[in-house]
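Please read the structure below before turning to the comments.
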Amino acid sequence: MLPIRSISIIGTGNAAFQIGRNLNRSGLLIAEVWGRDHQVALLLADELQAKVTNPEDFTGDLIFLCVSDDAIETSSSMLASKIPVIHCSGSKPLSALNNSGTKGVFYPLQTMSKTREIDFAEVPILVEADSKELLESLKCLGTMISNKVFEVNSENRSHYHVSAVMVNNFINHLIYLSQEELRKNKLDLSLLKPLILETIEKAFDLDPYQAQTGPARRGDQKVIEEHSTKLSGHTKEIYDAFSRSILSTYHDQL
């Protein structure tokens, strides 16, 4: 197992802040950070008690590449040192890294924003590496901040990622569209919060298939058409598409 006493971070986005905070709280030394936005890099370095340093001068035992998916290949190819490099993307394979040394993946399966505190204790950490030594080090690193660390290859991680997009990004967008519909009528989104939370809990307590309710699940075309006439634009298209999907899923039970 490769000893990881300190790390260096490239990037100043949401992942850099959240991963950096959690590793720092666990007692790991964040040696240095670097980012294209120097002012944000200074803010991150100050929070993590690190310094802002060019990547060619990094001294950490591991480089966390917390950049956008499109920048992973180019950014990693510019790293000439033999320090192991890992990316934190759910959708990009291990092979996206072009550094000359060993490489790996450390992907927290969670939505992240700079302004929200996230305790990683129950966040699944999906790890992968091109060497057994680095893989064991990443597992050990993961257990410093999470109780759920899993070895997952690039192909399976991509399936987790696309599913994560649907349950996170798509659901959030549906909440936004609901909010906009309510605002048009000067109504309050907060009244839907208990419903939203119960929907999520019920899906895991029962099973998403068993937990489905609503007019499309009942095959109530009259209510579906009434709802659809109240909507317009993309919101109407999405409502109609979801209704068709639910009707198709349960058509043999209607």
Q) Just to be sure, is residue 15 crowded, with 24+ Cβ neighbours inside 10 Å and either among the charged types (D, E, K, R) or within 24 Å of the chain's Cα centre (by Cα) (or both)? A) yes
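Select, from 190, 137, 131, 95, the only residue that is assigned by TED's automatic domain parsing to the domain that holds residue 55 and either touching a helix residue (DSSP H, G or I) at 6+ places or on another chain (Cβ under 7 Å) or exposed (fewer than 13 other Cβ atoms within 10 Å of the Cβ) (or both). Before you say what the answer is, go through the steps one by one.
Numbers: 190 fails: assigned by TED's automatic domain parsing to the domain that holds residue 55; 137 fails: either touching a helix residue (DSSP H, G or I) at 6+ places or on another chain (Cβ under 7 Å) or exposed (fewer than 13 other Cβ atoms within 10 Å of the Cβ) (or both); 131 fails: either touching a helix residue (DSSP H, G or I) at 6+ places or on another chain (Cβ under 7 Å) or exposed (fewer than 13 other Cβ atoms within 10 Å of the Cβ) (or both).
After ruling out the rest, the residue left standing is 95.
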Q) What tally of residues in region 26-60 results from selecting those that are assigned to a helix (DSSP H, G or I) and surrounded by fewer than 13 Cβ atoms within 10 Å (Cβ to Cβ)? A) 5
Q. Taking interchain pairs and intrachain pairs at least six residues apart, which have beta carbon atoms under 8 angstrom, with the first residue in region 99-117 and touching a residue at least 40 places away in the same chain (Cβ under 8 Å) and under 18 Å from residue 149 (Cβ atoms) and the second surrounded by 14 or more Cβ atoms within 10 Å (Cβ to Cβ) and of a type in the set (Asp, Glu)?
A. 105/128
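Considering each of 224, 238 in turn, give the residue that is part of a helix (DSSP H, G or I), touching a residue at least 24 places away in the same chain (Cβ under 8 Å) and surrounded by 15 or more Cβ atoms within 10 Å (Cβ to Cβ). Please lay out each step first, then the result.
Numbers: 224 fails: touching a residue at least 24 places away in the same chain (Cβ under 8 Å).
Result: 238 is the single residue among 224, 238 that is part of a helix (DSSP H, G or I), touching a residue at least 24 places away in the same chain (Cβ under 8 Å) and surrounded by 15 or more Cβ atoms within 10 Å (Cβ to Cβ).
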Q: Within region 175-193, count every residue that is of a type in the set (Asp, Glu) and either assigned to a helix (DSSP H, G or I) or touching a residue at least 40 places away in the same chain (Cβ under 8 Å) (or both).
A: 2
Q: Considering only region 80-91, state which residues are free of Cβ contacts under 8 Å to residues at least 60 places away in the same chain and more than 16 Å from residue 19 (Cβ to Cβ).
A: 80, 81, 82
Q. What number goes with the only condition from (1) within 30 Å of residue 88 (Cα to Cα); (2) surrounded by 15 or more Cβ atoms within 10 Å (Cβ to Cβ) that residue 243 does not pass?
A. (1)
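Can you tell me which residues in region 1-25 are in a loop (DSSP other than H, G, I, E, B) and either modelled with pLDDT under 95 or of a type outside the set (Val, Ile, Thr) (or both)? Steps first, answer last, please.
Taking region 1-25 first, the residues in a loop (DSSP other than H, G, I, E, B) are 1-5, 11-13.
Matches in region 1-25: 1, 2, 3, 4, 5, 11, 13.
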Q) Given 203, 164, 211, which one is of a type in the set (A, V, I, L, M), within 30 Å of residue 132 (Cα to Cα), surrounded by 15 or more Cβ atoms within 10 Å (Cβ to Cβ) and modelled with pLDDT of 95 or more? A) 164
Q | Where a residue in region 46-61 is in the same structural domain as residue 31 (by TED's automatic domain parsing) and its partner, wherever it lies, is polar (S, T, N, Q), with Cβ under 6 Å and at least six apart | A | 48/24; 58/8; 60/6; 60/8; 61/6
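Of these, 40, 52, which one is out of contact with any helix residue (DSSP H, G or I) (no Cβ under 7 Å at 6 or more places or on another chain) and more than 19 Å from residue 107 (Cα to Cα)? Talk me through it step by step, then tell me what you get.
Working: 52 fails: out of contact with any helix residue (DSSP H, G or I) (no Cβ under 7 Å at 6 or more places or on another chain).
Every option except 40 fails the conditions.
The values are calculated or read from the model by the stated rules, or taken from the named source; none is laboratory data. Since the structure is predicted, the reported quantities are computational estimates derived from the model, not experimental observations. Neighbour counts run over all protein chains shown; Cβ positions are idealised from the backbone, glycine included.
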